[in-house]
Amino acid sequence: MGAVVVTVDGGAGVGGRLAAGCGGAGLGADWTVVGADRYGRTVGRVYVGNVDVNAEMIRQGAAWVYRQYLKDQSLLALEQQAKAAKRGLWGLPETDRCPP
């Protein structure tokens, strides 16, 4: 099991596209808590049906792999693929990206 810490934009952009990509809004999400960050926020994995939302966000370039809480090394390969394809945030100029 791995974890990423992600922030979405309230559904207006990336979040809304992610909901559509996971089968649409209104579906229940399942999640597994894997810990807490240094601020006490929950860190975990989110699933909608059979879709691993954390992995899908990384694949789409909508999230960074947050290495401090990483337990699933396969997420690094997804991030590298998104970078190579310049998907999502990886299509932005480097000066416009704000790493976690």
For segment 79-96, pairs from a residue that is touching a residue at least 60 places away in the same chain (Cβ under 8 Å) to a residue that is part of a helix (DSSP H, G or I) and surrounded by 18 or more Cβ atoms within 10 Å (Cβ to Cβ), with Cβ under 7 Å and 6 or more apart or across chains, are GLY88/ALA82
So, first residue in contact (Cβ under 8 Å) with a residue 12 or more places away in the chain in segment 37-55, second residue basic (Lys, Arg), Cβ within less than 6 Å, six or more apart or across chains; the pairs are ASN54/ARG45
Those residues of segment 40-65 that are at pLDDT 85 or above and among the hydroxyl-bearing types (Ser, Thr, Tyr) come to a total of 1
For segment 47-79, the count of residues that are under 20 Å from GLY35 (Cβ atoms), part of a loop (DSSP other than H, G, I, E, B) and not hydroxyl-bearing (Ser, Thr, Tyr) equals 7
Scanning segment 11-39 residue by residue, those modelled with pLDDT of 80 or more and more than 21 Å from ASP72 (Cα to Cα) turn out to be TYR39
Matching residues in segment 80-100 (touching a helix residue (DSSP H, G or I) at 6+ places or on another chain (Cβ under 6 Å) and in a loop (DSSP other than H, G, I, E, B)) number 1
Scanning segment 26-65 residue by residue, those surrounded by 20 or more Cβ atoms within 10 Å (Cβ to Cβ) and among the aromatic types (Phe, Trp, Tyr) turn out to be TRP64
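The values are calculated or read from the model by the stated rules, or taken from the named source; none is laboratory data. Note that the structure is predicted; figures quoted are calculated from it, not measured. Note that each Cβ is placed from the backbone with ideal geometry, even for glycine, and that neighbours are counted across all protein chains shown.
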